[in-house]
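What follows is a single structure, written as structure tokens, with notes after it.
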Amino acid sequence: MKLSLPDFLASNDRSTTVRTRREGAVLHVELNAPASGNAVTEAMLDELLDAVAVPDPEVRVLVLSAAGDDFCLGGDRTEFGQWLEEDPTGRGIRVAGEKARRVCEALSGGGAVTIARVQGKAVGAGFALALACDLRVGAENASFRLPELALGLPTAWGGLLPRLINEVGAARVRELILTGRAFGATEARELSVLQRVVPDAELDDAVAAWAKPVVRRPGAALRVTKALLNSYAAATRLADPSFLDAELMASVAAATRRSPAGGNGTGGSHS
């Protein structure tokens, strides 16, 4: 079975920021805003929710990919700043943050096995979207970064932090967050951020190699197995306060904006 991502169905609206394509039991979901580096906006979150939050029970595999050179450069900081201008208490950030949590929970907790297909940069929210997937394959040019602290924000988006600590380990995560440094595909594999690294031209084949056996598994057994894996992973955490992410992000952003040194985290294009 050949699973490729060259073109999505012509009937899809090309103006949307998310495109979907179904191939049997495989659903492809593509971030489709390459001009902005696939920056995550509230509109994109709404479209992602439509695509992943109410899954078709016949879908066994969901592939999350992105158009253009980069997987996702993070959240749209221009929109972020606009939300604070409209409501300095951060209401818009809370609303979007709750949507982000629901998207990531649908990717990690839904019945389908989710595969992230990562090329180029995965920054901030883009990192979180990839990490929410069960399996993650990256091109050799893939890189990851968590710049939130440098922008005056907490690392609180879509439940990223507990997932990252669970997958990578607290000591390494502490270093990545406090320094905000970028790291490449080889280190990402060593950290289990990626499970496989391949040349860019082989990304589709790597996705197919994972998807092909999964779609043959009995649906009920597949769903229960994924639920068990998630449950046992969660059992190792003392707590998972990710439901507070939106509140934490909004509160800190509002406080930073009010401070004399505030504003550094709300300008520009992406987080």
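Which FRET efficiency, nearest 0.05, do V54 and A220 yield, Cβ-Cβ r, R0 22 Å?
Values: r = 19 Å, r/R0 = 0.86.
In this case the efficiency is close to 0.70.
What list of ³J(HN,Hα) values in whole Hz, one per residue of the stretch 126-140 in order, does the Karplus curve 6.51 cos²θ - 1.76 cosθ + 1.60 (θ = phi - 60°) give from phi, with Gly and Pro shown as x?
Per residue, the Karplus-derived 3J(HN,Hα) values read x, 4, 4, 4, 5, 5, 5, 7, 5, 10, 9, 10, x, 6, 4 Hz.
Given 4 °C and 1.567 mPa s, compute D for the stretch 135-209 with the Stokes-Einstein relation, Rh being the Kirkwood radius over Cα pairs; round to the nearest whole µm²/s.
Estimated via Stokes-Einstein, D reaches 98 µm²/s.
Given the Cα-Cα distance of A35 and E175 and 0.36 nm per residue of separation, how much length would full extension add, in nm?
Numbers: separation 140, 0.36 × 140 = 50.40 nm, distance 3.12 nm.
Result for the pair: 47.3 nm of gain on full extension.
Where nothing but the Cβ of Lys and Arg (+1) and of Asp and Glu (-1) is charged, how large is the charge dipole of the stretch 71-122 around its Cα centre, in debye to the nearest 20?
Charge dipole, the stretch 71-122, about its Cα centre: 280 debye, nearest 20.
Enter the accessible area of K121 (Å², nearest 10), with the probe set to 1.4 Å and all protein chains included.
100
Of the beta bridges DSSP finds with both residues in the stretch 20-164, what % are antiparallel, to the nearest 5? Don't jump to the answer; show the numbers that get you there.
On the way: 4 of 23 bridges.
Given both bridge residues lie in the stretch 20-164, the antiparallel proportion sits at roughly 15 percent.
Please compute the modelled spin-label separation between E23 and T186, points set 7 Å along Cα→Cβ, answer in nm with one decimal.
Label at T186, label at E23, 3.1 nm between them.
Report the FRET efficiency, 1/(1 + (r/R0)^6), for Y232 and T89, where r is their Cβ-Cβ distance and R0 is 51 Å, rounded to 0.05.
Working: r = 39 Å, r/R0 = 0.77.
Here the calculated transfer efficiency is 0.85.
Taking the alpha carbon gyration tensor of the stretch 12-171, what are the square roots of 5 times its eigenvalues, largest first, to the nearest whole Å?
Values: eigenvalues 109, 66, 50 Å².
Over the Cα atoms of the stretch 12-171, the ellipsoid semi-axes are 23, 18, 16 Å.
If you add up the charges near K226, with Lys and Arg at +1 and Asp and Glu at -1, over every other residue whose beta carbon is less than 11 angstrom from its beta carbon, what do you get?
Taking every Cβ under 11 Å from that of K226, the sum is +2.
Calculate one ³J(HN,Hα) per residue across the stretch 213-220 by plugging θ = phi - 60° into the Karplus curve 6.51 cos²θ - 1.76 cosθ + 1.60, and present them in order as whole Hz with x for glycine and proline.
x, 5, 5, 8, 6, x, x, 5
Work through the residues other than I177 whose Cβ is under 11 Å from its Cβ and net out their charges, Lys, Arg +1 and Asp, Glu -1.
Its environment carries a net charge of +2.
Amide H of A66 versus every other amide H placed in the peptide plane: which residues, excluding those fewer than 5 positions away on the same chain, fall under 5 Å?
So A66 has HN proximity to L31.
Less than 12 Å Cβ to Cβ from G68, Lys/Arg counted +1 and Asp/Glu -1: what total charge do the surrounding residues give?
On the way: positive: K121; negative: E30, D69, D70.
Summing Lys/Arg as +1 and Asp/Glu as -1 gives -2.
Check which residues have an amide H placed less than 5 Å from T114's amide H, if you skip close sequence neighbours.
L62, D134, L135
The values are calculated or read from the model by the stated rules, or taken from the named source; none is laboratory data. In this text the structure is predicted, and so the values were computed from the model without any measurement. Methodologically, a virtual Cβ is constructed for each residue, glycine included, from the backbone with ideal geometry; neighbour enumeration extends over all protein chains shown. Remember, those area values only see protein heavy atoms, side chains included, never the ligands or the DNA or RNA. Shrake-Rupley method; radii C 1.70, N 1.55, O 1.52, S 1.80 Å.
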